[in-house]
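Contents: one structure, followed by commentary.
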Amino acid sequence: MMRREPSVSTKQHIQIVGARQHNLKSVSVRIPYHALTVVTGLSGSGKSTLAFDTLYAEGERKYVESLSAYARQFLEQMPKPDVERIDGLCPTIAIEQRAGASNPRSTVATTTEIYDYLRVLFAQVGQPRCWKCQRPITRHSTAQMADDILEHPDGHRILILAPLNRTAFRSADQLIEHVAKQGFLRIRVNGAVHTLDDAPPPPKRNSTRVDIVVDRLVIKQHIAARLADSLEIALRHGDGRVIVAVGLDADQLTDHAYSDHFVCPEHPDVSLGELSPRVFSFNSPYGACPACDGLGNVLEFDPDLIVPDRDLTLDAGAVAVKPPTAKRADASQPSIIERFCAEFDVSPKIPFRNIRPELAGILLHGTTPRDFKEHSHKFEGILPGLKKRWDSTDSETVKQRLHRFLSEAPCHDCEGARLRRESLAVTIGDKNIAQICDLNVADARDFFRTLEFDGQAAIIAKQPLREIRNRLQFLHDVGVEYLGLSRSSATLSGGEAQRIRLGTQIGSGLIGVCYVLDEPTIGLHQRDSRRLVTTLKRLAKDGNTVVIVEHDEDVIAAADHIIDIGPGAGAQGGEVIHD
């Protein structure tokens, strides 16, 4: 029996018929499905016109046409490319050679969606810590607290205590009155238990610890119900916190702190709400550092712009700007420079660089309490005066005049990490989310390869961890393993930005798509180019059609199908030399 060769049909190809866009001369070609096709030729020959202005443009236009009339009114109506027809066209995605996004909030991690999965991972299995003492913060249900307490042997004495916020009461009498109204008879002041009648006035120092004695028990059988009730009462009066003092001797009890929400037992003012992905987003008010609004940088008056030439004297205008005042200054009053020179005995005729560093600091930043003790003069300083004026003025003219003396500096609160300190205190593998994003792709890949969780946490973390690992591996495979995850997208080169977007598309797991790329190997070492080609061929093997415009010989040699456009550029091009 003769073997019958399969016939070629449009079900196996994308068929472009009669393309005349720009300089194309009625080009007809077939692009095989599930293969890597390279469109090559001289610059200006028409290869990008065929790949982007014809193939991708028609795919995009047909997609828009498939939407409802209501949806189409919000989208730009795309003109039909000058082509007779394109058969077998599947959804198209273009990954062009262009600079990265200009949004200052866009980073490598956010562009590739790695940061989204990181936020989910930290919200689900992150370990909250106190940002003051770095002590792990845990929360317990009443049942968990009771089970933990009942693990002590029978005969141990326990005190159930509700800690009070000492600063919430104006006086000791008000505190005692509050406890009495709640129906309690005893309090503990700095470890000593007293009845309300003989309790000494608690000192006014904020370090004083005052606890309500809710119950006194001895561990034995059948106390579980009473213990649970007492814990509930203590939690209610202790704002979600309870202290259980346990020991054989009533005079030697050891405190154990519990809470039903994320509160540091040593620093009650440090608390976390429910952990959710938005808590770790610098684009959300729930997670963004309030000082820099999640940008990581702030505009500050720069001493080098205020004093651009330190060889000038104060008389000659070393200080390029004076703090503007709301009202016209009285000419009879000394200027701020004259007052500084008079009060701190500084000659206005010596170069600025020869002024003692301590006094130059006072001129720019103002006096500290230590400076006041030494010089007996208070001085606001040039920079604080400018900041006060900047914050208070509504005048655009003033702001424009002052803006040239501002420069970007890392935020003092978050130190460039963009997030609230409470969010930065949550860790996974001893790293917070900002420290992980400070890693480059290669180091982050190694970190997540070795990261493991136990028990229920392993089940919860399985999905986001898999997505993070896959995307990091994709980025490594396309040759951008040296990029930091926190790198701003605006600083990426065109080739880097294209490979980042390619990694994102690969991570999406789509199949049946036609990807159109513009010279993705630009800027890559030959070794990395081979890795990129391997990735692209895997993308095609997974059920996609990959079309790339490329000049690189190794890439052309590795292609499954080649379309050569030429023979020349411009009017001399636009013909198929090889298909």
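The values are calculated or read from the model by the stated rules, or taken from the named source; none is laboratory data. What you are looking at is a predicted structure, and each value in this text was computed from that prediction instead of being measured. As a convention, Cβ positions derive from the backbone with ideal geometry for all residues, glycine included, and neighbour counts pool all protein chains shown. Just so you know, the surface numbers come from the protein's heavy atoms only, side chains and all, with ligands and any DNA or RNA stripped out. Shrake-Rupley method; radii C 1.70, N 1.55, O 1.52, S 1.80 Å.
Residues that are open to solvent by 20 Å² or more (accessible area, probe 1.4 Å) and in contact with a Gly (Cβ under 7 Å, 6 or more places away or on another chain) were ranked within region 38-48; the one that is nearest to H561 (Cα to Cα) is L42.
Is it fair to say A162 is surrounded by fewer than 17 Cβ atoms within 10 Å (Cβ to Cβ), touching a residue at least 12 places away in the same chain (Cβ under 8 Å), under 23 Å from H261 (Cα atoms) and out of contact with any Cys (no Cβ under 8 Å at 6 or more places or on another chain)? No.
A quick yes/no check of all residues on (1) under 21 Å from A444 (Cβ atoms); (2) part of a helix (DSSP H, G or I); (3) in contact (Cβ under 8 Å) with a residue 40 or more places away in the chain:
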residue	(1), (2), (3)
E481	yes, no, yes
R499	yes, yes, no
L502	yes, yes, yes
P520	no, no, yes
L532	yes, yes, yes
T535	yes, yes, yes
V547	no, no, yes
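The set of residues in region 425-456 being open to solvent by less than 30 Å² (accessible area, probe 1.4 Å) and either part of a helix (DSSP H, G or I) or not hydrophobic (A, V, I, L, M, F, W, C) (or both) consists of T427, N432, I433, A434, I436, C437, V441, A442, A444, F448.
Within region 343-360, being of a type in the set (F, W, Y) and open to solvent by 40 Å² or more (accessible area, probe 1.4 Å) holds for no residue. Note on region 194-233: residues that are modelled with pLDDT under 90, more than 12 Å from P163 (Cα to Cα) and open to solvent by less than 70 Å² (accessible area, probe 1.4 Å) amount to 7. Residues in region 379-392 that are farther than 14 Å from F301 by Cβ and either touching a residue at least 60 places away in the same chain (Cβ under 8 Å) or exposed (fewer than 12 other Cβ atoms within 10 Å of the Cβ) (or both): S392 alone. Checking each residue of region 287-300 against the condition of being open to solvent by less than 20 Å² (accessible area, probe 1.4 Å), assigned to a helix (DSSP H, G or I), modelled with pLDDT of 90 or more and touching a strand residue (DSSP E or B) at 6+ places or on another chain (Cβ under 7 Å) gives no match.
Residues in region 49-86 that are surrounded by 10 or more Cβ atoms within 10 Å (Cβ to Cβ), outside any loop (DSSP other than H, G, I, E, B), at pLDDT below 90 and not charged (D, E, K, R): Y63, V64, A71. Residues in region 476-503 that are within 19 Å of Y56 (Cα to Cα) and either open to solvent by 10 Å² or more (accessible area, probe 1.4 Å) or within 18 Å of the chain's Cα centre (by Cα) (or both): R501 alone. Please list, ordered by first then second residue, the pairs with beta carbon atoms under 6 Å, 6 or more apart or interchain, first in region 79-94 and in contact (Cβ under 8 Å) with a residue 12 or more places away in the chain, second open to solvent by less than 70 Å² (accessible area, probe 1.4 Å) and assigned to a loop (DSSP other than H, G, I, E, B). Close Cβ pairs (under 6 Å, with a partner that is open to solvent by less than 70 Å² (accessible area, probe 1.4 Å) and assigned to a loop (DSSP other than H, G, I, E, B)) amount to P81/Q21; D82/Q21; D87/T10; G88/T10; C90/G512; P91/V513; I93/V513. Looking at R538, R531, just one residue is under 16 Å from S508 (Cβ atoms) and open to solvent by 10 Å² or more (accessible area, probe 1.4 Å), and that residue is R538. Count of region 138-175 residues, restricted to those that are at pLDDT below 85 and either in a helix (DSSP H, G or I) or basic (K, R) (or both), is 9. One residue is enough: does region 117-135 have a residue meeting the conditions in a loop (DSSP other than H, G, I, E, B) and closer than 30 Å to S48 by Cβ? No, the conditions are met nowhere in region 117-135. For region 304-321, the count of residues that are touching an Asp or Glu at 6+ places or on another chain (Cβ under 8 Å) and free of Cβ contacts under 8 Å to residues at least 60 places away in the same chain is at least one.
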